[in-house]
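Engineer: Have a look at this one.
The values are calculated or read from the model by the stated rules, or taken from the named source; none is laboratory data. Since this is a predicted model, take the numbers as computed values, not measurements. Glycine also receives a Cβ, built like all others from the backbone with ideal geometry; neighbour counts cover every protein chain displayed. Each accessible area value is taken on the protein alone, full model and side chains, heavy atoms only, with ligands, DNA and RNA left out. Shrake-Rupley method; radii C 1.70, N 1.55, O 1.52, S 1.80 Å.
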Amino acid sequence: MKLLLTLLLIPLLALAEDNPRRGTNWSDAAIPTAEALNRYAERKLYEELKRLIQIGQHARYAERRVALIDYPLYPYLEYTYHAYRLSRLKPEQLREFAENWPDTPLPRLLRGSWLRYLGIRGNWPMLAQHYDPSHSNDTLACQYANSLYRTGQIEAAHSATARLWLSGTSQPDACDAPFKLWRDAGQLSSAMAWERFALALEANQYKLASYLVRFLHKDKRGLANRFREVHQRPTRIRSFKRYAADGEQERRMILHALRRLARKDAPAAYNALRTYEKSHAFTAAELRDTYVYVGKRLALDFAGEALIYDVPIDDETDTGLIEARLRYALRQQDWSEVLVSLHRLPQAKADSNRWRYWRARALLESEENADRASGIGVLAELAQLRSFYGFLAADLLNQPYEFGHEPKNFAADEIERVRLLPGIQRAFELLATDSPVHARRQWQHTTLSLTPRQQEIAAHTARSWGWHERAIRSMIDAEAWNDLEVRFPLAYREAFTYHSTRENIPLSWAFAVTRQESAFMADARSSSGAGGLMQLMPATAKLVAGKIGLKLVAKTQVNQPETNIRLGTTYLGQMLRRFDNNRIVASAAYNAGPARAARWYDASVPLDIWIETMPFSETRDYVQNVAVFAAIYAERMGEQQPLIYAHEYSGFAPGSPPTLRQQTTQAK
């Protein structure tokens, strides 16, 4: 019985690794057995008392709560008690709660819930008095504006409502009341009406913009219709006579349309901008910003005319434009232009690993021995680094990768001091009682106030619990980069091994994708709706499940680790086979979609240049990270694996990158 209770008390959520590292046993530091037995009883009582609160048995809770006053989650019980009694919550109780539990994120959460309750119940005097923007959201901000009207604070209400009005996106229904009062008071000027209309189109909220037309002065509606027209069909902005008027609002419409046009036809947008520049009084800032935007789009038109070099802007005023020109030059393999553009970069940017690598690549293409020798020297420096460009450099020099793994050991008393911190204890108990969201909040609230060394110890502690995402996060907070066992865990190893083998994909790649996607956070959910360890979109998960005959009976099933790993590795296998067993292109497809990856694929350039010149910076960074992470995971599993395999290079142009043997021979 004692053994059973102990196993129940220390749920590791997921085994840290199949083969836990020797030395300090972090899981032993979680809870001693005697304490664990008592803790089990406390958890059981905690759940009972929380249930009493939820079913409205508040008096019975008040009688029994003293038994848990020393339990780490006692403040969470009190939070739940107040959260279920918001109608009776007083400001002085909020202050007392904040004073009692400053080492938790709960005071802020409780105050936010209370303010939202006041807004829902229409308690305007209390909301107007106690509103705090730092605890607000859009709905509460609208309710606050309404409360100012309802309590006679008219000027403040007008000001708050005007700020809410100037949004390019739809506001919550709670804004309807203050908006009406504001308009009825004559506060909606023609300029304010137009401004929101324009903001809506600039935010690509066409439906909202169409709704807002009703608030425009009648003499502006024709212009608004033309504005909507060029938003939907930006090529029409090339009808120069139709858009010859040179007012402030007309100029804004033209520049908006040109930006929209640049996404589809950058050369056409550039030429149109040159024409409009001669006939319209744009400000210098407007012209500069638009030329920079169009210039960056021109730089993606690798097969077209080299208009990027004609943009009449000093590119030294915009680092992004210089980098766009650099990538254009790389795609053309114009190494002289690469070196020229590199000299225009700010020194801090030029000294980055990325641009040092490309300086070396450009120098290696030189006919001058001194240049080639200099390039090899830069590569030798880069090859000492654990990074995408460091590993590329090591490959060029035919050197082993520098992984720089430095495992840390800490004294037992240091570990114990961190373990006994109330916030750490609370986070552990929240995990044990299946409250992962509260657990993450508590962990972050606690660890951000620790020293870097304490954060690193906390990271090791989280790892011992199988809480890999928090361990990784705390290592980042501590800027502790070299303990690869903590930063790159072999989590869910059995499941990943089984499903990767079944799909015939590299295990190291499956680990790397998951590390990049969620850092092994099983309940991760992105703003776009992707979920689980491998961040699958619902439509993708449904499609893959259908192909393998897996019946998904509930949406939450996709986020279950075993199911998510099965579906994610299956999808990775599909991408790998679709793109000729090339992990690099398949990684781009996993991130940006297979249609985009297929459209971007260009076998006429070397692979390293293709990666560097991907249109989406997010996908570029993603592909580079996954490649490095895969090499690290291979190292962690005792395998030798290159950053990029020979067959992956062979799908692109020769010389990707040039071989060391060729370069060193030329440099002699």
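Engineer: Would it be correct to say that residue 366 is among the hydroxyl-bearing types (Ser, Thr, Tyr) and surrounded by fewer than 16 Cβ atoms within 10 Å (Cβ to Cβ)?
Structural biologist: No; evaluated as a whole, the condition is false for this residue.
Each row is one residue, and each column tells you yes or no for (1) under 30 Å from residue 634 (Cβ atoms); (2) assigned to a helix (DSSP H, G or I).
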| position | (1), (2) |
| --- | --- |
| 297 | no, yes |
| 301 | no, no |
| 321 | no, yes |
| 363 | no, yes |
| 372 | no, yes |
| 376 | yes, yes |
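Engineer: Pick out the one residue from 457, 476 that is open to solvent by 50 Å² or more (accessible area, probe 1.4 Å) and either among the aliphatic types (A, V, I, L, M) or under 15 Å from residue 72 (Cβ atoms) (or both).
Structural biologist: The unique qualifying residue is 476.
Engineer: Also, I was wondering about something else. Which of (1) over 16 Å from residue 608 (Cβ atoms); (2) open to solvent by 40 Å² or more (accessible area, probe 1.4 Å) does residue 353 not meet, given it meets every other one?
Structural biologist: Single failed check for residue 353: (1).
Engineer: Also, I was wondering about something else. Exactly one condition in (1) polar (S, T, N, Q); (2) open to solvent by 10 Å² or more (accessible area, probe 1.4 Å); (3) farther than 30 Å from residue 438 by Cβ is false for residue 557; which is it?
Structural biologist: Residue 557 satisfies all of (1) polar (S, T, N, Q); (2) open to solvent by 10 Å² or more (accessible area, probe 1.4 Å); (3) farther than 30 Å from residue 438 by Cβ except (3).
Engineer: Quick one: is residue 604 within 24 Å of the chain's Cα centre (by Cα) and surrounded by fewer than 19 Cβ atoms within 10 Å (Cβ to Cβ)?
Structural biologist: no
Engineer: I'm checking my understanding of the structure. Among residues of the range 379-420 that are open to solvent by less than 50 Å² (accessible area, probe 1.4 Å) and part of a loop (DSSP other than H, G, I, E, B), which one is nearest to residue 457 (Cα to Cα)?
Structural biologist: Across the range 379-420, the extreme among qualifying residues is 410.
Engineer: Return the pairs, sorted by first residue and then second, in which the second residue is open to solvent by 10 Å² or more (accessible area, probe 1.4 Å) and in a loop (DSSP other than H, G, I, E, B), the first residue lies in the range 599-626 and is farther than 19 Å from residue 394 by Cβ and among the polar types (S, T, N, Q), the beta carbons are less than 7 Å apart, and the residues are 6+ apart or on different chains.
Structural biologist: From residues that are farther than 19 Å from residue 394 by Cβ and among the polar types (S, T, N, Q), the pairs are 604/653.
Engineer: Could you tell me whether the range 424-441 includes any residue that is in contact with an Asp or Glu (Cβ under 9 Å, 6 or more places away or on another chain), in a loop (DSSP other than H, G, I, E, B) and closer than 29 Å to residue 77 by Cα?
Structural biologist: Quick first cut of the range 424-441, residues in contact with an Asp or Glu (Cβ under 9 Å, 6 or more places away or on another chain) only: 426, 429, 433, 435-437, 439-440.
From what's left, in a loop (DSSP other than H, G, I, E, B): 433, 435.
After this cut, where a residue has to be closer than 29 Å to residue 77 by Cα as well, the list is 433, 435.
Yes, that holds for at least one residue.
Engineer: Could you run through the range 41-80 and say how many residues are charged (D, E, K, R) and open to solvent by 70 Å² or more (accessible area, probe 1.4 Å)?
Structural biologist: Qualifying residue count, the range 41-80: 8.
Engineer: Which numbered condition trips up residue 491, out of (1) closer than 30 Å to residue 573 by Cα; (2) assigned to a loop (DSSP other than H, G, I, E, B); (3) among the small types (Gly, Ala, Ser); (4) open to solvent by 10 Å² or more (accessible area, probe 1.4 Å)?
Structural biologist: That leaves (4) as the condition not met.
Engineer: Hey, can you tell me all the residues within the range 138-171 that are closer than 19 Å to residue 216 by Cα and hydrophobic (A, V, I, L, M, F, W, C)?
Structural biologist: Hits for the range 138-171 are 162, 164, 165, 166.
Engineer: Okay, next question. From the list 221, 228, 238, 242, which one is open to solvent by 20 Å² or more (accessible area, probe 1.4 Å) and in contact with a Ser or Thr (Cβ under 8 Å, 6 or more places away or on another chain)?
Structural biologist: The conditions single out 228.
Engineer: Take the residues in the range 185-218 that are in contact with a His (Cβ under 7 Å, 6 or more places away or on another chain) and over 14 Å from residue 165 (Cβ atoms), then tell me which one is least open to solvent (accessible area, probe 1.4 Å).
Structural biologist: 201
Engineer: Just give me the residues in the range 588-637 being closer than 23 Å to residue 326 by Cβ, among the hydroxyl-bearing types (Ser, Thr, Tyr) and in a helix (DSSP H, G or I), in sequence order.
Structural biologist: Scanning the range 588-637 gives 617, 619, 622.
Engineer: From 642, 654, grab the single residue that is surrounded by fewer than 17 Cβ atoms within 10 Å (Cβ to Cβ) and at pLDDT 95 or above.
Structural biologist: Being surrounded by fewer than 17 Cβ atoms within 10 Å (Cβ to Cβ) and at pLDDT 95 or above holds for just one of 642, 654, which is 642.
Engineer: Right, another one. Which one is most open to solvent (accessible area, probe 1.4 Å), of the residues in the range 561-587 that are touching a residue at least 24 places away in the same chain (Cβ under 8 Å) and assigned to a loop (DSSP other than H, G, I, E, B)?
Structural biologist: Ranking the candidates gives 580 first.
Engineer: Working carefully through the options 276, 270, 309, 293, find the one that is assigned to a helix (DSSP H, G or I), of a type in the set (Phe, Trp, Tyr), over 30 Å from residue 360 (Cβ atoms) and open to solvent by 30 Å² or more (accessible area, probe 1.4 Å).
Structural biologist: 293
Engineer: Can you spot a residue in the range 325-333 that is at pLDDT below 95 and more than 30 Å from residue 378 (Cα to Cα)?
Structural biologist: no
Engineer: I'm told residue 249 meets every condition in (1) more than 22 Å from residue 318 (Cα to Cα); (2) open to solvent by 70 Å² or more (accessible area, probe 1.4 Å); (3) touching a Lys or Arg at 6+ places or on another chain (Cβ under 8 Å) except one. Can you identify the failing condition by its number?
Structural biologist: (2)
Engineer: So residue 97 clears everything in (1) at pLDDT 95 or above; (2) part of a loop (DSSP other than H, G, I, E, B); (3) of a type in the set (A, V, I, L, M, F, W, C) except one condition, right? Which one?
Structural biologist: The failed condition is (2).
Engineer: Right, something else. Of (1) part of a loop (DSSP other than H, G, I, E, B); (2) open to solvent by 20 Å² or more (accessible area, probe 1.4 Å), residue 168 satisfies all except one. Which?
Structural biologist: Here residue 168 clears every test but (2).
Engineer: Going residue by residue through the range 516-528, is there one that turns out to be at positive phi, within 19 Å of the chain's Cα centre (by Cα), buried (at least 20 other Cβ atoms within 10 Å of the Cβ) and not aliphatic (A, V, I, L, M)?
Structural biologist: Within the range 516-528, one or more residues are at positive phi, within 19 Å of the chain's Cα centre (by Cα), buried (at least 20 other Cβ atoms within 10 Å of the Cβ) and not aliphatic (A, V, I, L, M).
Engineer: Further, regarding this structure: Quick one: how many residues across the range 343-361 are in a helix (DSSP H, G or I) and either under 17 Å from residue 320 (Cα atoms) or touching an Asp or Glu at 6+ places or on another chain (Cβ under 8 Å) (or both)? I'd like the intermediate steps shown before the answer.
Structural biologist: Initially, the range 343-361 is screened for residues in a helix (DSSP H, G or I), giving 343-344, 347-350, 353-361.
Next, from what is left, pick out any that are either under 17 Å from residue 320 (Cα atoms) or touching an Asp or Glu at 6+ places or on another chain (Cβ under 8 Å) (or both): 343-344, 347-350, 353-356, 358, 361.
Selection size over the range 343-361: 12.
Engineer: Please verify whether the range 121-139 includes one or more residues that are closer than 28 Å to residue 200 by Cβ, among the hydrophobic types (A, V, I, L, M, F, W, C) and either in a helix (DSSP H, G or I) or open to solvent by 30 Å² or more (accessible area, probe 1.4 Å) (or both). I'd like the intermediate steps shown before the answer.
Structural biologist: Applying the first criterion (closer than 28 Å to residue 200 by Cβ) to the range 121-139 yields 131, 133-139.
With the extra rule that they be among the hydrophobic types (A, V, I, L, M, F, W, C), the set shrinks to none.
Looking for residues that are closer than 28 Å to residue 200 by Cβ, among the hydrophobic types (A, V, I, L, M, F, W, C) and either in a helix (DSSP H, G or I) or open to solvent by 30 Å² or more (accessible area, probe 1.4 Å) (or both), one finds none in the range 121-139, hence no.
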